Amino acid sequence: MSESLFLDPFDVPSIGEHGPPSTDAGASTGDVVPGTVVNSAPASAEASHAVSASIPLDLDQAVGAFLDDTHLWWPRELRATGEAGHVYFGDGALLEEDTDGSDGDQDPPYEWAALADASEGTLELDWWGGHRDAADSPVRLYVTWSVGPRGGAELSVRGNEPTSWLEEWTAVLGAFTRFTGGSLAEPGKGAKRP
């Protein structure tokens, strides 16, 4: 599992011109520090619709299963390249390829969502969904994680109008909760912070 999930969940940082990640480098600057899990971003509270799930895993395990094992739990009915499509987070996006590694009729791989930001325990995704059309605009979604009230992890996806994303993400989180043994809350209006 990546040690930098909230710095850049799609790419494990390497030693570069700035040296290896430090556990206290951002303490004085307010930057997100690799290997640190922080609270949910306030921007997600502005969203008016949400679907949530309780996951019976430690927070870092739940985030890892969501980001690293997507191809194992992503619902088959929401695969753009067919039931055997391979869905994964990579290159700053949520992508899907055919099982043979090609992208079928899609060039490049089908893009479900683009990463808009990753900070403070929240992934901001520009969600295209399964019905991408050149005339459509993506919907900004906030995927947030927090420690549940009785342990485990809470996962919430929040967004605004149009709410076409809500049905798709109910299916996505439903599949994720089946994979992890968690439970799904009904989608609702007036998103509440965990």
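Given the options Ser44, Ser54, Ser40, name the one that is in contact with a Ser or Thr (Cβ under 8 Å, 6 or more places away or on another chain) and modelled with pLDDT of 90 or more. Show your work before the answer.
Details: Ser44 fails: modelled with pLDDT of 90 or more; Ser40 fails: modelled with pLDDT of 90 or more.
Exactly one of Ser44, Ser54, Ser40 is in contact with a Ser or Thr (Cβ under 8 Å, 6 or more places away or on another chain) and modelled with pLDDT of 90 or more, namely Ser54.
Among the residues of the range 158-183, write down those that are modelled with pLDDT of 95 or more, more than 16 Å from the chain's Cα centre (by Cα) and either in a helix (DSSP H, G or I) or over 23 Å from Gln61 (Cα atoms) (or both).
Listed by number, the list holds a single entry, Arg178.
Go through the range 170-182 and report how many residues are aromatic (Phe, Trp, Tyr) and surrounded by fewer than 22 Cβ atoms within 10 Å (Cβ to Cβ).
Kept after step one, since they are aromatic (Phe, Trp, Tyr), are these residues of the range 170-182: 176, 179.
This time we only want the ones that are surrounded by fewer than 22 Cβ atoms within 10 Å (Cβ to Cβ), so: 179.
Selection size over the range 170-182: 1.
Look through the range 65-92, keep the residues that are among the aliphatic types (A, V, I, L, M) and not in a helix (DSSP H, G or I), and return whichever of them is modelled with the lowest pLDDT. Can you show your working first?
Looking only at the range 65-92, we keep the residues that are among the aliphatic types (A, V, I, L, M), and these are 65, 67, 72, 78, 80, 84, 87.
Pick out the ones that are also not in a helix (DSSP H, G or I) and you get 80, 84, 87.
Numbers: Ala80: 88, Ala84: 85, Val87: 94.
Among those residues, the one meeting the criterion is Ala84.
Please specify each residue of the range 53-100 satisfying the condition of being farther than 16 Å from Trp128 by Cβ, charged (D, E, K, R) and exposed (fewer than 15 other Cβ atoms within 10 Å of the Cβ).
Asp58, Arg76, Glu77, Glu83, Asp100 - these are the residues of the range 53-100 that are farther than 16 Å from Trp128 by Cβ, charged (D, E, K, R) and exposed (fewer than 15 other Cβ atoms within 10 Å of the Cβ).
The values are calculated or read from the model by the stated rules, or taken from the named source; none is laboratory data. None of the values given here were measured: they were computed from a predicted structure. For neighbour counting, all protein chains shown are included, and Cβ atoms are generated from backbone atoms with ideal geometry for every residue, glycine included.
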